[in-house]
1. Filter the stretch 51-80 down to the residues that are among the hydroxyl-bearing types (Ser, Thr, Tyr) and more than 18 Å from the chain's Cα centre (by Cα), then identify the one that is surrounded by the fewest Cβ atoms within 10 Å (Cβ to Cβ).
2. Do you know which residues across the stretch 167-176 are open to solvent by 20 Å² or more (accessible area, probe 1.4 Å) and not acidic (Asp, Glu)?
3. Filter the stretch 1-34 down to residues that are surrounded by 23 or more Cβ atoms within 10 Å (Cβ to Cβ), more than 12 Å from the chain's Cα centre (by Cα) and polar (S, T, N, Q), then give me how many there are.
4. If the requirement is being of a type in the set (Gly, Ala, Ser) and surrounded by fewer than 17 Cβ atoms within 10 Å (Cβ to Cβ), which of these qualifies: Ser246, Ser208?
5. If the requirement is being closer than 24 Å to Ile165 by Cβ, basic (Lys, Arg), within 12 Å of ligand 1 (Cβ to nearest atom) and modelled with pLDDT under 95, which of these qualifies: Lys14, Lys9?
6. For the stretch 212-231, give me the residue count where each residue is away from ligand 2 (no atom under 16 Å from the Cβ), of a type in the set (A, V, I, L, M) and open to solvent by less than 20 Å² (accessible area, probe 1.4 Å).
7. Could you check, for the stretch 35-44, whether at least one of its residues is within 12 Å of ligand 2 (Cβ to nearest atom) and among the small types (Gly, Ala, Ser)?
8. Is at least one residue of the stretch 184-199 away from ligand 2 (no atom under 16 Å from the Cβ), at pLDDT 95 or above, open to solvent by 50 Å² or more (accessible area, probe 1.4 Å) and closer than 23 Å to Leu21 by Cα?
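The values are calculated or read from the model by the stated rules, or taken from the named source; none is laboratory data. Since the model is a prediction, treat every value here as computed from it, not as a measurement. Every residue, glycine as well, gets a Cβ built from its backbone with ideal geometry; the counts of neighbours run over all protein chains shown. These area figures cover heavy atoms from the full protein model, side chains too; ligands, DNA and RNA do not enter into them. Shrake-Rupley method; radii C 1.70, N 1.55, O 1.52, S 1.80 Å.
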Amino acid sequence: MKRVFFNKKGGVGKSSLAVNLAAISAQRGYKTLVIDLDTQCNATQYLLDGKEDVSPNIAEYFEQTITFHIHRKSIRDYVHSTCFDNLFIIPSSPELTFLETKLESRHKIYKLRDSLEEMASVFDRIYIDTAPALNFYSLSALIAADSCVIPIDCDDFSRKALYNITNHLEEIKEDHNTGLKIEGIVANQFIKRALLPKRIIDELKEESYPVFEQTISASVKMRESHQEKKPLIHMAPKHTLTEELSQLFDELEPA
Ligand SMILES: Nc1ncnc2c1ncn2[C@@H]1O[C@H](COP(=O)(O)OP(=O)(O)OP(=O)(O)O)[C@@H](O)[C@H]1O
Ligand SMILES: [Mg+2]
């Protein structure tokens, strides 16, 4: 199962949700891989104790697809373990920026999909974090994935961005990945007492958007978890935010 977290809007919780749900997945016994495709390396720093510029990384993987090697490495050679059982990562690198045009001009858009097929026998679950843009890497991820989770932060700009994203996703489905499923929209940093977020969610549901029932509250614990470099399931297993994330995981993966 390959799940990509995508929204062209920045700061909506893609990295936070990808890493925390992956950590819950690992804790539930699934051998889980996070792939960080964002040059900001947020998921990488979260899971690798704040380290940047870790090698081997996803940029080195993409680079070898455009350079000649007698012995081409497998994508498995780019996997790092984390300090959490069952949880692994292929880290990102700022070098992705410099490779992007070369990869595009050499038509390498299906490379990630082909490589991840061989990972299906190694990992039970793959969680892919993307940048806030429909660039070469997020498109590669959407072509490689079985499903897409869209975090939103429940303001009016989010709703407009969502219409735009779903059009893109339909086009990607039609042109490249007929199996791609929009698994659902997650209302992140949801304030239960405020009227606007609830109205936005209700309207999206009325328009038949697949919105997860479980919302994720705004809590300073999320930022603390980033700072401590520890997913919430390990840092604060009994906290409300962790419980909400676990419920969301149950919706994603009903028993
Ligand atoms: N539920 C939450 N409660 C409080 N803060 C949150 C919550 N979710 C995310 N944040 C904070 O919001 C900021 C943006 O979150 P995050 O980096 O996960 O978003 P993103 O969509 O990955 O951003 P980008 O588009 O830049 O990659 C971070 O500082 C994070 O700690
Ligand atoms: Mg991010």
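1. Let us first name the residues in the stretch 51-80 that are among the hydroxyl-bearing types (Ser, Thr, Tyr), namely 55, 61, 65, 67, 74, 78.
Still in the running and more than 18 Å from the chain's Cα centre (by Cα): 55, 61, 65, 67, 74.
Numbers: Ser55: 10, Tyr61: 20, Thr65: 17, Thr67: 8, Ser74: 12.
Ranking the candidates gives Thr67 first.
2. The initial filter retains those residues of the stretch 167-176 that are open to solvent by 20 Å² or more (accessible area, probe 1.4 Å), namely 167-168, 170-171, 173-176.
Hits for the stretch 167-176 are Asn167, His168, Lys173, His176.
3. The qualifying residues number 2.
4. Details: Ser246 fails: surrounded by fewer than 17 Cβ atoms within 10 Å (Cβ to Cβ).
From the options Ser246, Ser208, the qualifying one is Ser208.
5. Lys9
6. Of the residues in the stretch 212-231, the ones away from ligand 2 (no atom under 16 Å from the Cβ) are 212-215, 217-221, 224, 228, 230.
Those left that are additionally of a type in the set (A, V, I, L, M): 218, 220.
Cutting the leftovers down to open to solvent by less than 20 Å² (accessible area, probe 1.4 Å) gives us none.
Number satisfying all stated conditions: 0.
7. Going through the stretch 35-44, the residues within 12 Å of ligand 2 (Cβ to nearest atom) turn out to be 36-44.
This time we only want the ones that are among the small types (Gly, Ala, Ser), so: 43.
Looking for residues that are within 12 Å of ligand 2 (Cβ to nearest atom) and among the small types (Gly, Ala, Ser), one finds at least one in the stretch 35-44, hence yes.
8. No, that holds for no residue.
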